[in-house]
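Participant: Below is a structure I'd like to ask you about.
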Amino acid sequence: MSDATTQQTDKGAGSMLLEMRGIKIEGQSEDTWFPIIKGMDLTLRRGEVLGLIGESGAGKSTMGLAAMGFARDGCRITAGTIKFDGVDLLAMPESERRKLRGVRIAYVAQSAAASFNPAHRLIDQCIETAMFYGVASAAEARQSTIDLFRRLHLPDPENIGERYPHQVSGGQLQRVMTAMAMACSPDLIVFDEPTTALDVTTQIEVLASIKEVVRELHKAAIYITHDLAVVAQMADRIMVLRYGEVVEEAPTRQMLSDPRQPYTKSLWAVRSLRKDEDTSGDTVLAIRNVDAAYGGGVRVLHDINIKVPRGRTVAVVGESGSGKSTLARVITGLLPPENGTVEFNGQALPPALAQRPKELLRKVQMIYQMPDPALNPKRRIGDMLGRSVSYHMGLSGKDRSRRVSELLEMIELDDSYRERLPMELSGGQKQRVCIARALAVEPDLVICDEVTSALDQIVAEEILKLLLRLQKDLGVTYLYITHDIATVKAIADEIVVMHQGKVVESGPKSQILSPPHPPYTELLLSSVPEMDPDWLDNVLAERARGGAGATAVDGS
Amino acid sequence: MSNQNEPMTAGPAEEITLAARRRRGAFSAAMHEVLKAPPTAKFGLIMIFAYLFVAVFAPLLAPYGEAEVVGRQYAPWSDEFVLGTDQIGRDMLSRLIFAARNSVSIAFLTTLIAFLLGSMLGLLSAVVGGWIDQGLGRLVDVLMAIPSLIFTLVLLTIFGTDLITLILVIALFDATRVYRLSRAVAVNVVVMDFVEAARLQGEKLPWIMAREVLPNILPPLAAEFGLRFTFVFLTIAALSFLGLGIQPPTADWGSMVRENATLINYGDITPLLPAAAIALLTVSVNFVVDWFLHKTSGLRDV
């Protein structure tokens, strides 16, 4: 299958580099081993980029690591052969494999911030592998790393390596990590979601750099991601994974235009969720001239004015650091504003949480980005929901129990879930519980802080559908904070674009999304990856011609 | 943390084992854990239960009374007095057995008070923060800055050496360590979103402390309880050895060592037996704590 497909790509002429056959990997839970990868084949030729996509738990990362002959702690490769450049990785001793890793096969992890040692300079960490295996002398390794920095468009390539990890931005750090992976000029690089933790405006720079370097140096790469639009830019060929098995495999263009399997089609359909715009309704929340600062220091919000109509969704859009989450803290009373007022149902809210009566606390609820830290791991679902119900609504005994059942039904969970602990739920189910907890007390306004960004696309779509349905049924108002334009298109009635603590633009969705745009909105909108394999090249070409390119390349 | 999304997607297999474990009940789950424990932990558990058994059934096990003078001074080991007699003719074996009751229960009570005090204040500091945190923190700094054994001696000399004072003074000093630990682990929990969510709901301080934070810091606290117990035990033994601990005629391992120390000069190992009793219990408790720490820290044997 793969032999036929690779020939369609212009770089498929290279010889076979990696050949994995019948791979089976098991993971350990308590005392039992359960399968993660259930017999998978993967082949890769020199100069080819293979995209692995799927939901979390599909086995993407496990497969990526297996390409290095490596299994995480608590995992084991039980069957199959991994031939790298004709040599069986599984047959050689661990010490031999270790020599290959870093030198001939490299790995770029999702979170660069967590993968660098904060106590060493970047360049020292980049040349460490080369020095350790004696591939190059210190001076040579240093020089080639600086070349890579330059190729990756890092600012001041000569000196940036002298900095420590915390002194560069997230997007730059991810590029430094790519340079580190390429320091020994490996034949194969495994990219494991290298841009997932980044903002869209930063992501595009990293994607462009990686794509350029891989193409120019003619490397083979495995690119792991859950974002279809990203993989469409990067890969020559795409493999869709689910439950540890290959669902479908095809060259990128064919896969995008003509997906065959129902699962692949459903992945493609996710992005088409749309909501009809409606901005009627009296104002439930009005933010007037709000300034806010942390600890009397740097001012984070400047003169914010937002109006939220009842029963509608207002999306607050911006990259990280734009002040979106701070705005949520001001509304909830966690951070009293320096100036300005927050009006709720026509009355000014007391600025600090402690001054607000219980009735007001009930009416403004919050749903968090990460469902894991938002749920107490030691309390059962039923207890959590029950507590909200009895504390604010005064229900007890049978009434309380009935209400908890209603809530579980509302979020489409079985009644048996009330006895479960959060760890016994999937990510999407946890987020549903957070939604139920917020809606249990019949609030007027729910602040949703990036509630789908930690979830897979399919799960995220289900959560969005649930939110929309509940809005229709209960008439609740959402203030939806996000950096994802696709989500905004799906659920917003009105949009507020924020940048560096200021409102850039606000208005009905159709107006904000149609040109002309202020420059920042333009940059934000054009940075959102699209499902077109030529999108990245087109945008970069566009920016190179226009003015936006300058800001896009030197980083944030 | 890095493979956070793995367990949640482990899917049906894991759900089944979790459900099965709940059905088996807490007791059999604990038994299952114990059977899998390393031999050191099993040894520790057996020894701790043996001590508890001896402490509870002391009057039945001991051949003579606790303070009963039954023979001549320093009688050697014999059929009548299995481990001989002490400096005023009391049976050594009986006193060893009764001392298990006194020493262990006093140490346990002291540790318990230290934990109630320390963990409550530590939680308060972490959850409220601000001036309360600063005030309590500096107060604890002051207490910890003074060598505790010397300060204990001073306090006991001032307030007298009755049992209540002894327990309270040692508990106070140990509470400083517990405070530090519970505050340190609690601040990591307090920053979690679910605590903020509880605050936004308008939950009051006691609820947040007891229901939201405490359950999440219990494992390290429980492990620390074992270690603190040993230290308290040793402190009491040391104080008793110095004559300021448990007062005669109450049997206590620390004072038994001191009272019979001269026998060492004559090549008699009897005074080492109470010391050995202390050492064995200390080691046993530590074995169990190590195992417990290993379990709760989530480390996997490779």
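Participant: From (1) assigned to a helix (DSSP H, G or I); (2) over 25 Å from A:ILE463 (Cβ atoms), pick out the condition that doesn't hold for A:VAL342.
Facilitator: Of the numbered conditions (1) assigned to a helix (DSSP H, G or I); (2) over 25 Å from A:ILE463 (Cβ atoms), the odd one out for A:VAL342 is (1).
Participant: Using the structure shown, decide if B:ALA222 is under 17 Å from the mean Cα position of the chain (by Cα) and either under 20 Å from B:THR111 (Cβ atoms) or among the polar types (S, T, N, Q) (or both).
Facilitator: Taking the combined requirement at face value, the residue satisfies it.
Participant: In the stretch A:1-42, what count of residues is obtained for those that are small (Gly, Ala, Ser) and modelled with pLDDT of 80 or more?
Facilitator: Residues meeting the conditions: 4.
Participant: Also, I was wondering about something else. Name the residue, out of B:ALA198, B:ALA171, that is in a helix (DSSP H, G or I) and touching a Lys or Arg at 6+ places or on another chain (Cβ under 9 Å).
Facilitator: Residue meeting the stated conditions: B:ALA198.
Participant: Keeping to the stretch B:265-297, report how many residues are within 20 Å of B:THR85 (Cα to Cα) and in contact (Cβ under 8 Å) with a residue 24 or more places away in the chain.
Facilitator: 6
Participant: Take the residues in the stretch B:188-208 that are touching a residue at least 12 places away in the same chain (Cβ under 8 Å) and either under 17 Å from A:GLN355 (Cα atoms) or of a type in the set (D, E, K, R) (or both); name whichever of them is nearest to the other protein chains (Cβ to nearest Cβ).
Facilitator: Among those that are touching a residue at least 12 places away in the same chain (Cβ under 8 Å) and either under 17 Å from A:GLN355 (Cα atoms) or of a type in the set (D, E, K, R) (or both), it is B:ALA198.
Participant: Which residue is nearest to the other protein chains (Cβ to nearest Cβ), if the candidates are limited to the stretch A:418-427 and must be in contact (Cβ under 8 Å) with a residue 24 or more places away in the chain and either hydrophobic (A, V, I, L, M, F, W, C) or in a helix (DSSP H, G or I) (or both)?
Facilitator: Checked the stretch A:418-427; the qualifying residue nearest to the other protein chains (Cβ to nearest Cβ) is A:GLY427.
Participant: Looking only at the stretch A:190-214, how many residues end up being assigned to a strand (DSSP E or B) and either in contact with an Asp or Glu (Cβ under 7 Å, 6 or more places away or on another chain) or crowded, with 23+ Cβ neighbours inside 10 Å (or both)?
Facilitator: Going through the stretch A:190-214 one residue at a time, the tally reaches 2.
Participant: Okay, moving on. Looking at this structure, is A:GLY59 in contact with a Lys or Arg (Cβ under 6 Å, 6 or more places away or on another chain) and buried (at least 22 other Cβ atoms within 10 Å of the Cβ)?
Facilitator: Taking the combined requirement at face value, the residue does not satisfy it.
Participant: Further question on the same structure: Does any residue of the stretch A:378-395 turn out to be among the aliphatic types (A, V, I, L, M), within 14 Å of another protein chain (Cβ to nearest Cβ) and part of a loop (DSSP other than H, G, I, E, B)?
Facilitator: no
Participant: Would you list the helices (runs of 4 or more DSSP H) that sit entirely within the stretch B:1-100 and hold 1 or more residues that are modelled with pLDDT of 75 or more and more than 14 Å from chain A (Cβ to nearest Cβ)?
Facilitator: Of the helices (runs of 4 or more DSSP H) lying wholly inside the stretch B:1-100, those with at least 1 residues that are modelled with pLDDT of 75 or more and more than 14 Å from chain A (Cβ to nearest Cβ) span B:12-36, B:39-56, B:58-61.
Participant: Only residues in the stretch A:348-368 that are farther than 26 Å from A:THR482 by Cβ and more than 9 Å from chain B (Cβ to nearest Cβ) count as the first member; pair them with residues that are part of a helix (DSSP H, G or I) and not small (Gly, Ala, Ser), Cβ under 9 angstrom, at least 6 apart or cross-chain, and list the lot.
Facilitator: A:PRO350/A:LEU360; A:GLU359/A:HIS392
Participant: Of everything in the stretch A:243-278, what is assigned to a loop (DSSP other than H, G, I, E, B) and touching a Gly at 6+ places or on another chain (Cβ under 9 Å)? Give them in sequence order.
Facilitator: Residues satisfying the conditions are A:TYR243, A:GLY244, A:ASP278.
Participant: For the stretch A:396-417, which residues satisfy the criterion of being over 23 Å from A:LYS358 (Cβ atoms) and outside any helix (DSSP H, G or I)?
Facilitator: If the condition is that a residue be over 23 Å from A:LYS358 (Cβ atoms) and outside any helix (DSSP H, G or I), then A:ILE411, A:GLU412, A:LEU413, A:ASP414 are the ones that fit.
Participant: Return a yes/no flag: does the stretch B:139-155 have any residue that is part of a helix (DSSP H, G or I), in contact (Cβ under 8 Å) with a residue 24 or more places away in the chain, exposed (fewer than 14 other Cβ atoms within 10 Å of the Cβ) and out of contact with any Phe, Trp or Tyr (no Cβ under 6 Å at 6 or more places or on another chain).
Facilitator: yes
Participant: Kindly state which strands (runs of 3 or more DSSP E) lie completely within the stretch A:428-519 and contain at least 1 residues that are away from chain B (no Cβ under 14 Å) and of a type outside the set (A, V, I, L, M, F, W, C).
Facilitator: Strands (runs of 3 or more DSSP E) meeting the threshold: A:477-482, A:494-499, A:502-508.
Participant: Here are B:VAL127, B:VAL178, B:VAL213: which of them is within 13 Å of chain A (Cβ to nearest Cβ), in contact (Cβ under 8 Å) with a residue 60 or more places away in the chain and not aromatic (Phe, Trp, Tyr)?
Facilitator: None of the others qualify; the one that does is B:VAL213.
Participant: What number of residues within the stretch B:68-81 satisfy the criterion of being within 17 Å of B:GLY267 (Cα to Cα) and exposed (fewer than 14 other Cβ atoms within 10 Å of the Cβ)?
Facilitator: Going through the stretch B:68-81 one residue at a time, the tally reaches 3.
Participant: Only residues that are of a type in the set (Val, Ile, Thr), under 14 Å from the mean Cα position of the chain (by Cα) and not in a helix (DSSP H, G or I): list them for the stretch A:215-242, please.
Facilitator: A:ILE224, A:THR225
Participant: What residue, of A:ALA109, A:ALA130, A:ALA113, A:ALA136, is touching an Asp or Glu at 6+ places or on another chain (Cβ under 6 Å) and modelled with pLDDT under 85?
Facilitator: Result: A:ALA109 is the single residue among A:ALA109, A:ALA130, A:ALA113, A:ALA136 that is touching an Asp or Glu at 6+ places or on another chain (Cβ under 6 Å) and modelled with pLDDT under 85.
Participant: Only one of B:GLY89, B:GLY118, B:GLY160 is more than 24 Å from B:ASP252 (Cα to Cα) and of a type outside the set (A, V, I, L, M, F, W, C). Can you tell me which?
Facilitator: B:GLY118 is the lone residue from the list that is more than 24 Å from B:ASP252 (Cα to Cα) and of a type outside the set (A, V, I, L, M, F, W, C).
Participant: Here is a follow-up. Residues that are within 13 Å of another protein chain (Cβ to nearest Cβ) and in contact with a Ser or Thr (Cβ under 7 Å, 6 or more places away or on another chain), at least 2 per element: which strands (runs of 3 or more DSSP E) completely within the stretch A:26-107 meet that?
Facilitator: A:32-45
Participant: A:LEU523 passes all but one of (1) outside any strand (DSSP E or B); (2) crowded, with 19+ Cβ neighbours inside 10 Å; (3) in the same structural domain as A:ILE306 (by TED's automatic domain parsing); (4) not basic (Lys, Arg); which number fails?
Facilitator: (3)
Participant: Could you check the stretch A:468-482 and list, in sequence order, the residues that are farther than 18 Å from A:VAL496 by Cβ and among the aliphatic types (A, V, I, L, M)?
Facilitator: A:LEU468, A:LEU470, A:LEU474, A:VAL476
Participant: Another question about this same structure. Can you confirm whether the stretch B:244-254 contains a residue that is more than 14 Å from every other protein chain (Cβ to nearest Cβ), closer than 21 Å to B:MET47 by Cα and aromatic (Phe, Trp, Tyr)?
Facilitator: Yes - at least one qualifying residue is present in the stretch B:244-254.
Participant: Taking the condition surrounded by fewer than 18 Cβ atoms within 10 Å (Cβ to Cβ), within 14 Å of A:PRO373 (Cα to Cα) and over 25 Å from the mean Cα position of the chain (by Cα), does B:VAL191 pass?
Facilitator: yes
For every residue, the table says whether it meets (1) in contact with a helix residue (DSSP H, G or I) (Cβ under 7 Å, 6 or more places away or on another chain); (2) buried (at least 18 other Cβ atoms within 10 Å of the Cβ); (3) modelled with pLDDT of 90 or more.
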| position | (1), (2), (3) |
| --- | --- |
| A:PRO371 | yes, yes, no |
| A:VAL404 | yes, yes, yes |
| A:TYR417 | yes, yes, no |
| A:VAL433 | yes, yes, yes |
| A:ALA438 | no, yes, yes |
| A:GLU461 | yes, yes, no |
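The values are calculated or read from the model by the stated rules, or taken from the named source; none is laboratory data. Predicted model only: the values in this text are computed from it and were never measured. All Cβ positions, even for glycine, are placed from backbone atoms using ideal geometry, and neighbour counts span all protein chains on display.
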